[in-house]
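S.K.: The structure's right below; bear with me while I get my questions together.
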Amino acid sequence: THRAYTVESDGQLLEAAAYGDLIVTYREGAPVYLRDLGEAVDSVENDKVAAWHVTREGAKRSVILAIQRQPGTNTVAIVQDIRDILPVFQKQLPASVELSVIFDRSQSIRESVNDVKFTLVLTLCLVILVIFLFLRNVSATIIPSLALPFSIVGTFTVMYLADFSVNNLSLMALTLSVGFVVDDAIVMLENITSATSRWASRRWRFSPSTARRRSASSIVSMTISLAAVFIPVLFMSGILGRLFHEFAVTIAAAILISGVVSLTLTPMLASLCVSAR
């Protein structure tokens, strides 16, 4: 009454009734069969555990199937693939059996990623607005603002080559790097604008091209110093190191790419604006 034993057999007995003829032991020279001790019946593998699915209509008997992803795979992609093949499974089931999803872990992940995306877009808009409020010039606002999408697209390229996934940490790194991305472009633009105005009034003996070359050294030092801050995070060990590895690589790549954009795209656009004037 209070004990249960699991008996495993490697034989080829396909029906429960055939197990009744198995000899368990011998007593006084006579064999003791399994049918003398109990009854063998055809049933499920485990009849000691049951599950119910509680819905608005009430509790229903159910069979729960939990699917877990392998390490290194994308949860959202796997859940989407499973949802795509659920209708195929439903067609193969009897009409009295209903297939439904009880828990979906990808929903919270999707909501978190959407929140970070909204924060990233809001940050971009606020940064552009602040630049415009201080510079009070449309063309001067557009030039450093273009460094944002180019740097972010370049960072996504680095993430793709490094086989990184778009998750909360990588998106948070992109959000934090927005302020760093526009710094280099603003410094380059400010130096070129100042040199152009002083050169036009003959108050400075350096031409705008010379000012651009001199400001390039300061931008390189700024970019390298900012990227060097995240080097210790890149080489952290343990679970925290593995968690923040993508974070450190993403934000360092964004800073380095912004430096390249500020040394190439920003002077070119500034020269076009000066030529147009």
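The values are calculated or read from the model by the stated rules, or taken from the named source; none is laboratory data. Computed from a predicted structure; not experimentally measured. Every residue, glycine as well, gets a Cβ built from its backbone with ideal geometry; the counts of neighbours run over all protein chains shown. Accessible surface areas use protein heavy atoms only, side chains included; no ligands, DNA or RNA. Shrake-Rupley method; radii C 1.70, N 1.55, O 1.52, S 1.80 Å.
S.K.: Put a dot 7 Å past each Cα toward the Cβ at residue 53 and residue 83; how far apart are the dots in nm?
M.R.: Calculated label separation equals 1.6 nm.
S.K.: Per residue, how many Å² of accessible area does the chain show with a 1.4 Å probe?
M.R.: Numbers: 19850 Å² over 277 residues.
Averaged over the residues of the chain, the accessible area is 72 Å².
S.K.: Say the dipole of the chain comes from +1 at the beta carbon of Lys and Arg and -1 at that of Asp and Glu; which of 265, 17, 121 then lies farthest toward its positive end?
M.R.: 265
S.K.: Right, another one. Which is farthest toward the positive dipole end of the stretch 1-124 among 108, 32, 90, measuring Cα position about the Cα centre, with Cβ charges +1 (Lys, Arg) and -1 (Asp, Glu)?
M.R.: With unit charges placed on the Cβ atoms, the residue in question is 108.
S.K.: If you don't mind, there's one more thing I want to ask. How far is helix 138-161 tilted off the main Cα axis of the chain, in degrees rounded to 10, range 0 to 90?
M.R.: It is inclined by approximately 30 degrees.
S.K.: Any idea what the dipole of the chain comes to, in debye rounded to 20, about its Cα centre with Lys/Arg Cβ at +1 and Asp/Glu Cβ at -1? The partial results should precede the final answer.
M.R.: Numbers: 23 positive and 22 negative charges, 550 e Å.
Here the size comes out at about 2640 debye.
S.K.: Give me Rg/Rg_expected for the stretch 23-165, where Rg uses Cα atoms only and Rg_expected = 2.2 N^0.38 Å with N residues.
M.R.: This ratio for the stretch 23-165 stands at 2.08.
S.K.: Using Cα-Cα distances under 8 Å and only pairs 6 or more residues apart, what relative contact order does the stretch 90-202 have, in percent? List each step's numbers first, then the result.
M.R.: Details: 45 pairs, mean separation 37.6, N = 113.
Here the relative contact order equals 33 percent.
S.K.: Taking the 0 to 90 degree range and rounding to the nearest ten, how far is the long axis of helix 245-276 tilted relative to the main principal axis of the chain, both from C-alpha atoms?
M.R.: Computed tilt is about 30 degrees.
S.K.: Evaluate the relative contact order of the chain (contact order divided by residue number), counting alpha-carbon pairs under 8 angstrom at least 6 apart; express in whole percent. Could you put the intermediate results ahead of the total?
M.R.: Working: 238 pairs, mean separation 43.3, N = 277.
Contact order relative to length: 16 percent.
S.K.: For the stretch 1-102, count the residues as N, evaluate 2.2 N^0.38 Å, and divide the Cα radius of gyration by that value, please. List each step's numbers first, then the result.
M.R.: On the way: Rg = 21.5 Å, N = 102, 2.2 N^0.38 = 12.8 Å.
Expressed relative to 2.2 N^0.38 Å, the Cα Rg reads 1.69.
S.K.: Roughly what angle does helix 106-135 make with the longest principal axis of the chain, taking Cα atoms, 0 to 90 degrees, to the nearest 10?
M.R.: 10 degrees
S.K.: Could you tell me how many cubic angstrom of Cα convex hull volume the chain has per residue? Before the final figure, lay out each step's value.
M.R.: Details: hull volume 68.2 nm³, N = 277.
So the per-residue hull volume is 246 Å³.
S.K.: Of the candidates 14, 86, 176, which one comes out as most mobile in a Gaussian network treatment of the chain with C-alpha springs shorter than 10 Å?
M.R.: 14
S.K.: Here is a follow-up. With springs only between Cα atoms under 10 Å apart, run a GNM on the chain and tell me which of 95, 173, 254 wobbles the most.
M.R.: Highest fluctuation among the options: 95.
S.K.: Any idea what the dipole of the stretch 22-71 comes to, in debye rounded to 20, about its Cα centre with Lys/Arg Cβ at +1 and Asp/Glu Cβ at -1? It would help to have the intermediate numbers written out before the result.
M.R.: Working: 7 positive and 7 negative charges, 83 e Å.
Using only the charged Cβ atoms, the result is roughly 400 debye.
S.K.: Right, next: Calculate I(q)/I(0) for the stretch 38-96 by the Debye formula, one identical point scatterer on each C-alpha and no solvent, and give its log10 at q = 0.16, 0.17 Å⁻¹ to two decimals.
M.R.: Those come out to -0.86, -0.93, one per q.
S.K.: Next up: Extending each Cα 7 Å along its Cβ direction at residue 98 and residue 13, get the distance between those two points in nm, one decimal.
M.R.: Roughly 4.0 nm, to one decimal.
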